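To keep things clear, I will list the structure first and then write my remarks on it.
The values are calculated or read from the model by the stated rules, or taken from the named source; none is laboratory data. Here the structure is a predicted model, which is why all the values come from computation and not from measurement. All Cβ positions, glycine included, derive from the backbone under ideal geometry; neighbour counts span all protein chains shown. Keep in mind that these areas ignore ligands, DNA and RNA; they rest on the heavy atoms of the full protein, side chains included. Shrake-Rupley method; radii C 1.70, N 1.55, O 1.52, S 1.80 Å.
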Amino acid sequence: MTQKPPSLFDWKIAGPATMDAFKKLDPRLMIKNPVMFVTMVGAALTTVGIFTPRLDRGFIAQLALWLWFTVLFANFAEAMAEGRGKAQAQALRKTRVQTKTRRIGSNGQLEEVNASELRKGNVVLVRATEIIPADGDVIEGAASVDESAITGESAPVIRESGGDRSAVTGGTRVLSDEIKIRISVNPGEGFLDRMISLVEGAQRQKTPNEIALTILLAALTVIFLLVCVTLKPFGIYSGAEFSVPVLIALLVCLIPTTIGGLLSAIGIAGMDRLLQHNVLAMSGRAVEASGDVDVLLLDKTGTITLGNRQATEFIPAPGVTEQELADAAQLSSLADETPEGRSVVVLAKKFGIRERQLHEMPGAQFINFTAQTRMSGVDLNGVQYRKGATDAIRGFVNDSISTATEHTIERISKSGGTPLVVATREKVLGVIHLKDVVKGGIKERFAQFRKMGIKTIMITGDNKLTATAIAAEAGVDDFLAEAKPEDKLALIRKEQSGGRMVAMIGDGTNDAPALAQADVGVAMNTGTQAAKEAGNMVDLDSNPTKLLEVIEIGKQLLITRGSLTTFSIANDVAKYFAIIPAMLVGTFPAIAPLNIMRLHSPTSAILSAVIFNALIIITLIPLALRGVKFEPIGALAILRRNLLIYGLGGVIIPFAGIKFIDVIITALRLV
Amino acid sequence: MHSIDWLQLSVFVGVLALITKPMGLYLVRVLDARGKTWLDPVLKPLERLTYWAMGVKPDQEQGWKQYTFAMLLFSLVSCLFTYAILRFQHLLPLNPQGFGPVSPDLAFNTAVSFVTNTNWQSYGGESTMSYLSQMVALVIHNFTSAATGIALAAALVRGIARHTAQTIGNFWVDLVRITYYLLLPICLVVAVFLVSQGMIQNFKPYTKAKLTEPYTIQVPKTDDKGQPVTTNVAVLVQAPKLDEKGQPVMTNGVAMMVDVPKLDEKGQPAMTNVPVMVDQKVEEQAIAQGPVASQIAIKMLGTNGGGFFNANASHPFENPTPLSNFIQMLSIFTIGSGLTYYLGRMTKNQAHGWSVWSAMMLLFLGGVLLCWWAESRGNPIHQQLGVAVADGNMEGKEVRFGIFNSALFATVTTDASCGAVNSMHDSFTALGGFVPLFNMQLGEIIIGGVGAGLYGMLVFVVLAVFIAGLMVGRTPEYLGKKIQSYEVKMAMLALLVLALSILGFAAWASVSQWGLAGLNNSGPHGLSEILYAFSSANGNNGSAFAGLNANTPWYNTTIGLAMLIGRFLMIVPIMAMAGSLAQKKIVPLSAGTFPVSGFTFVLLLLGTVLLVGALNFLPCLTLGPIVEHFQTLLGKLY
């Protein structure tokens, strides 16, 4: 299930966010964002300027007001992103109702405790209809569990001790039976708790890329601070006295406030988008890394193919009709509850073979598949119907397999399919073509990834022949056949030593080392606790194709940051043309032609630039929260498009914007 | 803007493009410690001998810290060496004119100036420096400071090209090989060529020539003992002229002023001693001589720019013919241009090398065209008066070179950190003078100083890749190297140093007594002079806007500091970046990789240079040349 994102300006979020915008004015919080901190100091100094005796107090007051707005808008952006994250988290948190649970003491005694008192290593007993108090592993028993609270999927899932289905998540409900669970986390450290704190911003740490960008922005701020400070003596030399508020206005317009104000909102929104896709990330770093992935390791089963081989074709032996073969195939599969067996019945239906009920055939004796016989089937009315591997049937049937059928078998094997021969004791009836069915649309998806420069590697336990055929059909770049867990790990290491970033998705305990080694390891929620701990993301839906969305979200996060940085820096050109002539025209009337926007007056020009600078932050909040659209069209094409929109657009838009604001504030007689 | 000039511009760019590849390929061999060149039979023994004498093990490479330390140590020692020679030149040989010791502040300024490849000259060579000072103390730096720059660029390129490496080369090996295999042989050829054009190369004392038109000047009268004779006169001050009624006389609304004796507290006229002046007839001219050609070859090739004569490349002995002028301009760009090819070759991405070259060329052409256009248009005041409109602005230009070759030379010398001049940049029109000033404030990255231009440009490349690289949805990668916070920090530190040094010193000078005292012109033009001096010093260019008397203790010291900051404080972060890049893995190319070649990249790089590099200087440039331009349009001069 994908949660619906809250609408951008939902008042339930925007209201508290407005309050938070003021709370965030705390200098101890502001200092973490050097660009906005400088803006706030500038706003404070300008405010002081209102109370000094001067002629232009009205102008200074408006300047101060808009400078404060600039800071508040930036804070509001961050608060909005956090608010949306909280709203998502709240939905998850609803599952965190305070529950009582039975802890099994060291002496085996049961004691009633609050869920919050549980510690890692405690063992609890949970019975039908009760809520599982915390994340853990089933160590005894099996139960069906309703995980809809987390995944939204209403069908219950089976959780049992041992194997790959032993992990349970706190907040889910046991529907039947009882299980003993060893708690694997302390209160407040669960996966959900971590995710909640990440989106709430409380424990948000800057990601490597965010740190690098913050350094760039801080350095630009220092440089522009230097530019504005030295402008004072240059002004004195030139006989132009620049007042401090005007220099502050210039400074705030030049420093990259747009990206500075939206940077943390972009990061939080990225986490938030993941959560909307029901993926919990352990850290922002993991989200960012997913944008850098070069190699995707995908398990064939469930990701590339529908999960199981299916019967796609009946190829009758010479002298046998398709109908006869379909009928025999159906009979031999009636008792076969495996997905392959069911698919034979389904296919037979297409040939008009009515589905028979077992109770309609009292005399039938069903033969189950065993590793020794490698056949299954039914003895009905004295006829022995069997289907099975070629060799097994060869030994069973009294007839020899015809050349034509041998050819068919060979053809199917070479194409990566599995031939199942159907026969009676007397003669071979034909072959069922069992085949892995590649998911619809997956090939196009991989083609997109290739365009992005991401290599896809299919991991499968199949032999090389089968793997080759499926790889070709699905359009993956490479495959690892007959893969053992250690092969996966070795493959990841090999790719990493070549400088590539690897992402994989896995569920089993034996996937844990590979998940830990991968740069982006997505564990399925249905997987073991070991797998979940080894990975740095958990997919609550346990949908292997989710990895593709995760990568897109990672890329989108980086693109949004880059685009807004470019936009912010490109904006400076227009602001120069607004403010510099305004500052100088009093002393040097000759430079009036430099006022190419034909702004009304020096004060209106400066105020317009500052207002534009503040409003652009609020205008871009939706973009920051939603993210710049990512299209898999290759790096050069994306670069061209974004350079055009955010680079060139960033140069042009403020000219129009500042002029527009100038017209408005002049009409309103604000200056 | 005549067609013959367009032709020359095309030929200049064309020839430069043609020599870029051979120069680059030769650099690949020179900058490889085991590289083979056709000069090996002659120079290899000398190279080995030098290593042996210096105790250098040529096979041992250095990490970035060792490399940088070696460079700093070498620069410090050679700086002190030059300082000592200048201070003691009166005691040393080869001083036929008998010049005295150079003053401490000037010696500091000059030693720093040459060690930093700036060659800012607060002095006139022919009236201050002995031949020994010129040939040993100064010329040695023309080679070593150029070699140092090239070595540093090579170290940075190695850092980019290598992966998971700890070392970026051996400074001593680079220094020796660049000097022996690159600079000396080419200089030999160029010097011989320049001599063929009429440039002088001798050790003669200055010769006397009889003037065909003797003229008279006033000189202070001296008595028998050689002491100046003075006389006591009243001090005059200006006061408004009053008419009979005691009202000020006005002309065009301004009070007329007259000189009146200044009175002291007692009402007595104040008196002062002034020297008595007498007429002196000048019939002879001293013509300076010296070993010019040998110095000029390296002055251009190593983008040093320090002239043998005060008039620099406008002096007939220092730039005799149009062909020598062309070859000198070409020499300035040769190595810097070749280094872009070296970058492409070493990183196995030749398209990237050419893209960097193209970005540089576009900036170069933009500068030339603006400067040339502004100078051809001439002075608007002349236009209004109808004076010599067709000639353009010829003030301060050598008639042998004219408008185009002066504009081209000015652009080339400030694109590169050369600083040689064949015209007075101070006399350019406001916009014409804006171009050299702007070029230097960009950090001289348009081809740039040998080596320095490339590593300066690569700082912008790293920033461009970082800012725009995010837009393709990956952690930015430059040629497979991830650009992370360390690289961003170092690149921004280099930019910060540039802005801090230029703006800081210029702002200080513009409001201080010592700063204003040296000014020849007032208003925006005076500000341009100050900005130019510190931009030139910080960029290690060394050309001067003239008009500013910088040979004062304050200017000598602050400009000296600006030169040191502009060179060494830039280099350290850049070398740190080289070291960090060398250690990184190379991420293989894929369709998702940020492209660092092609049209889009060139435009992106230009945008970054102009937005991140130039915007910082726009306010002060507005107060200087841009305001001056608009004022000139209204007929106001400074």
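All conditions in (1) open to solvent by 10 Å² or more (accessible area, probe 1.4 Å); (2) in contact with a Pro (Cβ under 8 Å, 6 or more places away or on another chain) hold for residue B:414, with the sole exception of (1).
Looking across the stretch A:625-641, just one residue is in contact (Cβ under 8 Å) with a residue 40 or more places away in the chain, open to solvent by 60 Å² or more (accessible area, probe 1.4 Å) and part of a helix (DSSP H, G or I), and that is A:626.
Would the stretch B:17-40 turn up any residue that is small (Gly, Ala, Ser) and at pLDDT below 95? Yes, there is a match, as at least one residue in the stretch B:17-40 is small (Gly, Ala, Ser) and at pLDDT below 95. Note on the stretch A:3-77: enclosed helices (runs of 4 or more DSSP H) holding 3 or more residues that are modelled with pLDDT under 95, closer than 21 Å to residue A:214 by Cβ and open to solvent by 30 Å² or more (accessible area, probe 1.4 Å) are A:27-30. All of (1) within 42 Å of the chain's Cα centre (by Cα); (2) open to solvent by 10 Å² or more (accessible area, probe 1.4 Å); (3) within 8 Å of another protein chain (Cβ to nearest Cβ) hold for residue A:254 with one exception: (2). The set of residues in the stretch B:77-107 being small (Gly, Ala, Ser) and either surrounded by 19 or more Cβ atoms within 10 Å (Cβ to Cβ) or touching a helix residue (DSSP H, G or I) at 6+ places or on another chain (Cβ under 7 Å) (or both) consists of B:78, B:100, B:107. Taking the numbered list (1) touching a Gly at 6+ places or on another chain (Cβ under 6 Å); (2) surrounded by fewer than 16 Cβ atoms within 10 Å (Cβ to Cβ) in turn, residue A:386 passes all entries but (2). For first residues located in the stretch B:313-325 and under 13 Å from residue B:292 (Cα atoms) and in a helix (DSSP H, G or I), partners that are open to solvent by less than 30 Å² (accessible area, probe 1.4 Å) and among the basic types (Lys, Arg) and lie 6+ apart or on another chain with Cβ distances below 9 Å form the pairs B:313/B:299. In the stretch A:627-643, the condition of being more than 9 Å from every other protein chain (Cβ to nearest Cβ), in contact with a Ser or Thr (Cβ under 7 Å, 6 or more places away or on another chain) and modelled with pLDDT under 95 is met by at least one residue.
Screening the candidates B:557, B:593 for the property of being open to solvent by 10 Å² or more (accessible area, probe 1.4 Å) and more than 24 Å from residue A:644 (Cα to Cα) yields one hit, B:557. Based on what the data block shows, is residue B:485 among the polar types (S, T, N, Q), touching a helix residue (DSSP H, G or I) at 6+ places or on another chain (Cβ under 9 Å) and at the interface with chain A (Cβ under 8 Å from one of its Cβ atoms)? The answer is yes for residue B:485.
Only residues that are at pLDDT 85 or above and away from chain B (no Cβ under 14 Å): list them for the stretch A:280-311, please. Of everything in the stretch A:280-311, those that are at pLDDT 85 or above and away from chain B (no Cβ under 14 Å) turn out to be A:297, A:311.
Residue-wise test of (1) of a type in the set (A, V, I, L, M, F, W, C); (2) under 21 Å from residue A:413 (Cβ atoms); (3) more than 45 Å from the chain's Cα centre (by Cα).
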| position | (1), (2), (3) |
| --- | --- |
| A:305 | no, yes, no |
| A:312 | no, yes, no |
| A:320 | yes, yes, yes |
| A:325 | yes, yes, yes |
| A:329 | yes, yes, no |
| A:347 | yes, yes, no |
| A:362 | no, no, yes |
| A:369 | yes, yes, no |
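Among the residues of the stretch B:576-588, at least one is at the interface with chain A (Cβ under 7 Å from one of its Cβ atoms) and open to solvent by less than 30 Å² (accessible area, probe 1.4 Å). The listed residues are B:9, B:49, B:43, and the only one of them that is outside the structural domain of residue B:136 (by TED's automatic domain parsing) and either part of a helix (DSSP H, G or I) or open to solvent by 80 Å² or more (accessible area, probe 1.4 Å) (or both) turns out to be B:9. Annotation: of all residues in the stretch B:514-524 being in contact (Cβ under 8 Å) with a residue 40 or more places away in the chain, open to solvent by 10 Å² or more (accessible area, probe 1.4 Å) and assigned to a helix (DSSP H, G or I), the one that is nearest to residue B:442 (Cα to Cα) is B:523. Here residue B:478 clears all of (1) within 22 Å of residue B:356 (Cβ to Cβ); (2) in contact with a Ser or Thr (Cβ under 9 Å, 6 or more places away or on another chain); (3) open to solvent by less than 10 Å² (accessible area, probe 1.4 Å) except the condition numbered (2).
Here B:463, B:498, B:527, B:493 are screened, and the one residue that is surrounded by fewer than 24 Cβ atoms within 10 Å (Cβ to Cβ), within 10 Å of chain A (Cβ to nearest Cβ), among the aliphatic types (A, V, I, L, M) and part of a helix (DSSP H, G or I) is B:493.
The listed residues are B:601, B:617, and the only one of them that is farther than 30 Å from residue A:456 by Cβ, surrounded by 21 or more Cβ atoms within 10 Å (Cβ to Cβ), at the interface with chain A (Cβ under 9 Å from one of its Cβ atoms) and of a type in the set (Phe, Trp, Tyr) turns out to be B:617. Here is the figure for the stretch A:519-557: residues that are of a type in the set (Asp, Glu), within 14 Å of another protein chain (Cβ to nearest Cβ) and open to solvent by less than 10 Å² (accessible area, probe 1.4 Å) total 0.
Kindly establish whether residue B:337 is more than 17 Å from residue B:182 (Cβ to Cβ) and open to solvent by less than 40 Å² (accessible area, probe 1.4 Å). No; evaluated as a whole, the condition is false for this residue.
Number of residues in the stretch B:58-72 that are crowded, with 18+ Cβ neighbours inside 10 Å and of a type in the set (S, T, N, Q): the value is 2. What do you reckon, is residue B:192 farther than 30 Å from residue B:59 by Cβ and open to solvent by 90 Å² or more (accessible area, probe 1.4 Å)? In short, yes.
Quick grid of which residues meet (1) surrounded by 21 or more Cβ atoms within 10 Å (Cβ to Cβ); (2) farther than 24 Å from residue B:622 by Cα; (3) not hydrophobic (A, V, I, L, M, F, W, C):
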| position | (1), (2), (3) |
| --- | --- |
| A:559 | yes, yes, no |
| A:578 | yes, no, no |
| A:582 | yes, no, no |
| A:585 | no, no, no |
| A:592 | no, no, no |
| A:610 | yes, no, no |
| A:615 | no, yes, no |
| A:623 | no, yes, no |
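Taking the criterion of being farther than 19 Å from residue A:70 by Cβ and more than 10 Å from chain B (Cβ to nearest Cβ), would at least one residue in the stretch A:234-242 satisfy it? Yes - at least one qualifying residue is present in the stretch A:234-242. Taking (1) over 28 Å from residue B:50 (Cβ atoms); (2) open to solvent by less than 60 Å² (accessible area, probe 1.4 Å) in turn, residue B:216 satisfies each apart from (2). Please tell me if residue B:159 is buried (at least 21 other Cβ atoms within 10 Å of the Cβ) and either in a helix (DSSP H, G or I) or without any contact (Cβ under 8 Å) to a residue 60 or more places away in the chain (or both). The answer is yes for residue B:159.
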